[in-house]
1. How long are the semi-axes of the equivalent ellipsoid of the stretch 228-386, taking √(5λ) for every eigenvalue λ of the Cα gyration tensor, in whole Å from largest down?
2. Compare the Cα positions of Ala397, Tyr206, Ala433 along the charge dipole of the chain (+1 at Cβ of Lys, Arg; -1 at Cβ of Asp, Glu; about the Cα centre) and return the one farthest towards the positive end.
3. Among DSSP beta bridges lying fully in the chain, give the percent that are antiparallel, nearest 5.
4. Viscosity 1.306 mPa s, temperature 10 °C: Stokes-Einstein D of the stretch 3-66 from its Kirkwood Cα radius, in µm² per second?
5. If N is the number of residues in the stretch 141-258, what value comes out of its Cα radius of gyration divided by 2.2 N^0.38 Å?
6. At 0.692 mPa s and 37 °C, plugging the Kirkwood radius over alpha-carbon pairs of the stretch 384-439 into Stokes-Einstein gives what diffusion coefficient in µm²/s?
7. What spacing in nm lies between the two simple spin-label points modelled at Leu96 and Glu318, each 7 Å away from Cα in the Cβ direction?
8. Short version: what are the Cα gyration tensor semi-axes of the stretch 1-116, square root of 5 times each eigenvalue, largest first, in whole Å?
Amino acid sequence: MNKNLYIETYGCQMNIADSEVIASVMAEHGYSQVQDITRAGIILINTCSIRENAEQKIWNRLKEIRSLKRKNRKIIVGLTGCMAERLKEELLEKELIIDIIAGPDAYRDLPALAKEAENGRKAVNITLSRCETYSDISPAYDENGGISAFIPIMRGCNNMCSYCVVPYVRGAERSRDPDSILKEAGDLVRRGFREITLLGQNVDSYKYISGNQVTEFHHLIEKVAMTDRLLRVRFTTSHPKDISQELLRTIARNENICRHIHLPVQSGSSRILQLMNRGYTREDYFSRISAIRNIIPDCSISTDIITGFCTETEEDHEETLSLMKWAEFDFAYMFRYSERPGTRAARRLKDDVPEEIKLRRLNEIISLQNSLSKKSKRHDIGKVFEVLTEGFSKRSADSLTGRTSQNKVVVFPGSGKKKGDYVNVLIEDCTSATLKGRII
Ligand code: 5AD
Ligand code: SF4
């Protein structure tokens, strides 16, 4: 049996972290990861269902993998993650090359599923769990001088935003034992990692109760930050209805917690926010942004926006544009609404904004965000930032690249510095995507 394992990952950072858990579980059973798909005995595609085009990409990829399987029938092909959870046996029926289906809470079972598949049986486990956090599994981190790692601190989601498939494919929210998170952070520091991103669908609702001790997110992040002052700590994703003053104060008093908050707004219209079941209004969002700006004046703020949600009018869209101008986001991920089967919006609301209008509105918000992103970068010219060096720049071998605490990419001439070094960089110029400067 060829025990070479090839994993291909789609979707969010959580899925990247999950692929490391999968690699670790499989390594315990003698599978070793390869980077070349043609050497693989087992191919696992870790999938995403968030939007229709995410799934479409994976259907197309499966067509390519079909030809590998035709050449070598012994190759085992497995689908893991959100799409596996959502489409279940339907995938096995439609796509005959698939041998294994494993949902996000079934990764411990993968070696057994692989055995079943080796014996010629289709193997499925899509059971969602109330308690699985994989807390005892040490993820297979990149050992090749990696400096940045993700630590999932919770799984699942209880928010029930009406457009979102995540609660259905990842199950109910559960927080991971803080001791296992701190142990993992300590291990990473000892192995030379310099940046940790704490991951959860809604980190602000992290809560772990042990006896009479309650650990909330702001306690947890401060403990992680105290592991080593040379470690940078990031986190994602925050929720406007839950982000707390305590968290903002914790960030403000810990210099190594990065000055960047990803705070998805989704829409600038309170009516649409209510239909999305987001739990806050436009005004609530304004007051969250004001609190961030008051407590952490040098904090950058990024967001997610969905355009063309059910019943969205031109006025609603204008409200999104005006909110963006007011908030002056440093960065944004922008999407047009894509109906996901089974969600509350799919069941109760009509996807009634024509595709060409969704697209036109999306283009308008993208173009506004481009100018806001440029403004945010121009604002940094003349300032000095501490940059964590990540490696050589792709464009020029003499230049290094890294990020500021605010998560902005900086390119600067190297002069003997290397990956993992902190340097102070004076920003002298910018392009649409990066800041440019020199070490001082
Ligand atoms: N359609 C479009 N965008 C979506 N997102 C989540 N669900 C959908 C959907 N059905 C976006 C949201 C979320 C980000 C991860 O993906 O903006 O914050
Ligand atoms: Fe991540 Fe959501 Fe995609 Fe699942 S559906 S991989 S949780 S983005």
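All of the numbers you see were taken from the coordinates with simple rules; none came from a lab. Bear in mind the structure is a predicted one, so any value in this text is a computation, not a measurement. Backbone-built Cβ (ideal geometry, glycine too); neighbour counts: all protein chains shown.
1. 30, 18, 13
2. Checking the options against the dipole of the chain, the answer is Ala397.
3. Antiparallel bridges make up about 40 percent of those DSSP assigns within the chain.
4. Translational D for this selection: 128 µm²/s.
5. 1.07
6. After rounding, the answer is 308 µm²/s.
7. 5.7
8. 19, 17, 13
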